[in-house]
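The values are calculated or read from the model by the stated rules, or taken from the named source; none is laboratory data. Just so it is clear, the model here is predicted, and its values are computed rather than measured. So basically every Cβ, Gly included, is an ideal-geometry build from the backbone, and we count neighbours across all protein chains shown.
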Amino acid sequence: MASSLTKSTDLVRKLIVFFIIFAIFVFIFDFILALISPEERDTPLPRRDNKGYVEANNALGTIPRFPVRSLTLAPDTRASYALTSALPEFPPTVNVYRIDRPTETFLSVPNALKTAAALGFDPDQYQNTSDDVLFWSTPNSTRTLTYNKVLEDWLLEVNLATDPAAQLDDKELVTIQDFYKQAAVGIIGSLGPESGMFSTDTVRVDYIDIDASGNYTRFVQPTDARYARVALFKALESSSLVENYQPREGEVASRPVTSEVRKTAYMSAPAELVLQGSADEPDEDILSYKYREFLPADKGVYTLINPETAWNNVQANLGYLYWLRPEDRDVFDPYEQVVVTRFDAQPEKTRIIYLEPDNWDPNLPYTQFLQPFYIFEGIARLQDGREAEFAFIVEALNNSSYNNGD
């Protein structure tokens, strides 16, 4: 009996000693590990929900809502909405830019003289039609150039019926793919605007004829048309990565996102050109030039709603019908009000865009920002059996990021 008790006591002692040794070993192991990597041990691993993108700072405060004018459908439209596949993933944050107030600088007039010369005008032969506006005309008055030095607003107009260069027979369009995209970006750079904001990735080319009233008719092939109408959309970084961003091992690297800057009308663009021939003689081959400069200044970073929420907002009539063209209508035809039965959005075309105002107005706060929108594009089914291209745009920020423009 005593022998059994002694054996039990010895076993308990051995277990206690083993536990103490084990505890000491664990303590020493933790201590050594803490010395090796104290920061990783003491600081919880950060969540990577932002995936390397700059976090929201709302640096510009609340943003005044942009009063977009939506196209209207026929009153008896009762359309359904669908996605042809899953929506793509977007960054968690997006940039909002404040637009610089337009102002004349010391270089405004000298640079304007260079632009006038590049377009074939005698740069010194201009009139001041007002304190802010310079006006050039060719001797035969078939070409005029107007420049507002405060607004940085350019307008080149050519009388196609009387201008000698517009009557030349050897000005056939070039049939090389993307030729006019590259030519237009080069021309913009030579005319003075911030060419770094323009890219061939954000250029649209339409082959056209122009009637006596100035109306455009589009052709699919350049061999059937007389002119190339080029719409240049600016490219602006919409989602930025944190400084010195490095993806973790095994993590798919995030990339900064660039978005196009568009106007309130789908077919309009920040810069527009009409070109003929090989576009290598600006004084002959540029038949129209429109551009007003809006330069982004400081920016803020805001939370971007996810595309599913944006699409739901479209279906809840919180978006804007931005484009609708039946298949048998020219892209330059006046808008046709139709009955739509179904909108099928193509998610691969979903992206972020910025809307640029037509004017900068100190009394209209929304004109002082470049703010982001989601754009959804696809094919609409019409009640009469036709199909139509469509585009909806919808605000990309959460509701608390906006104000009423006060």
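Summary table below
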{"read-out": "Complete set of residues in the stretch 97-128 that are over 34 Å from the mean Cα position of the chain (by Cα) and part of a strand (DSSP E or B)", "value": "Tyr126, Gln127, Asn128"}
{"read-out": "The lone exception for Gln337 - which of (1) out of contact with any Lys or Arg (no Cβ under 6 Å at 6 or more places or on another chain); (2) in contact (Cβ under 8 Å) with a residue 12 or more places away in the chain; (3) surrounded by 14 or more Cβ atoms within 10 Å (Cβ to Cβ); (4) of a type outside the set (Asp, Glu) it fails", "value": "(3)"}
{"read-out": "Meets criteria (of a type in the set (Lys, Arg), outside the structural domain of Arg386 (by TED's automatic domain parsing), closer than 30 Å to Leu60 by Cα and crowded, with 19+ Cβ neighbours inside 10 Å) for Arg255", "value": "no"}
{"read-out": "Where Phe233 falls short, out of the listed (1) surrounded by fewer than 16 Cβ atoms within 10 Å (Cβ to Cβ); (2) under 25 Å from the mean Cα position of the chain (by Cα)", "value": "(1)"}
{"read-out": "Flag for Ala253 being within 27 Å of Pro193 (Cα to Cα) and either touching a Pro at 6+ places or on another chain (Cβ under 8 Å) or charged (D, E, K, R) (or both)", "value": "no"}
{"read-out": "Sole exception among (1) among the aromatic types (Phe, Trp, Tyr); (2) modelled with pLDDT under 95; (3) touching a helix residue (DSSP H, G or I) at 6+ places or on another chain (Cβ under 7 Å) for Phe106, by number", "value": "(3)"}
{"read-out": "Residue that is surrounded by the fewest Cβ atoms within 10 Å (Cβ to Cβ), among those in the stretch 292-326 that are part of a strand (DSSP E or B) and touching a helix residue (DSSP H, G or I) at 6+ places or on another chain (Cβ under 8 Å)", "value": "Thr303"}
{"read-out": "Qualifying positions in the stretch 288-341 - in contact with a Ser or Thr (Cβ under 9 Å, 6 or more places away or on another chain), β-branched (Val, Ile, Thr) and farther than 24 Å from Val96 by Cα", "value": "Val338, Val339, Val340, Thr341"}
{"read-out": "Arg69 vs. criteria surrounded by 10 or more Cβ atoms within 10 Å (Cβ to Cβ), modelled with pLDDT of 95 or more, charged (D, E, K, R) and within 17 Å of Ile305 (Cα to Cα)", "value": "no"}
{"read-out": "Flag if Arg329 is closer than 23 Å to Ile375 by Cβ, of a type in the set (Lys, Arg) and either assigned to a strand (DSSP E or B) or not assigned by TED's automatic domain parsing to the domain that holds Phe369 (or both)", "value": "no"}
{"read-out": "Filtered residue count, the stretch 367-391, keeping only those that are within 24 Å of Phe294 (Cα to Cα) and in contact with a strand residue (DSSP E or B) (Cβ under 7 Å, 6 or more places away or on another chain)", "value": "8"}
{"read-out": "Neighbours by Cβ (under 8 Å, 6+ apart or cross-chain): first from the stretch 226-253, among the acidic types (Asp, Glu); second at pLDDT below 95", "value": "Glu251/Arg48"}
{"read-out": "Candidate set from the stretch 369-384 (those that are touching a Pro at 6+ places or on another chain (Cβ under 8 Å) and either within 18 Å of Leu236 (Cα to Cα) or free of Cβ contacts under 8 Å to residues at least 12 places away in the same chain (or both)); member that is surrounded by the most Cβ atoms within 10 Å (Cβ to Cβ)", "value": "Tyr374"}
{"read-out": "All positions within the stretch 54-96 that are outside any loop (DSSP other than H, G, I, E, B) and either under 23 Å from the mean Cα position of the chain (by Cα) or not assigned by TED's automatic domain parsing to the domain that holds Ile393 (or both)", "value": "Ile63, Pro64, Leu83, Thr93, Val94, Asn95, Val96"}
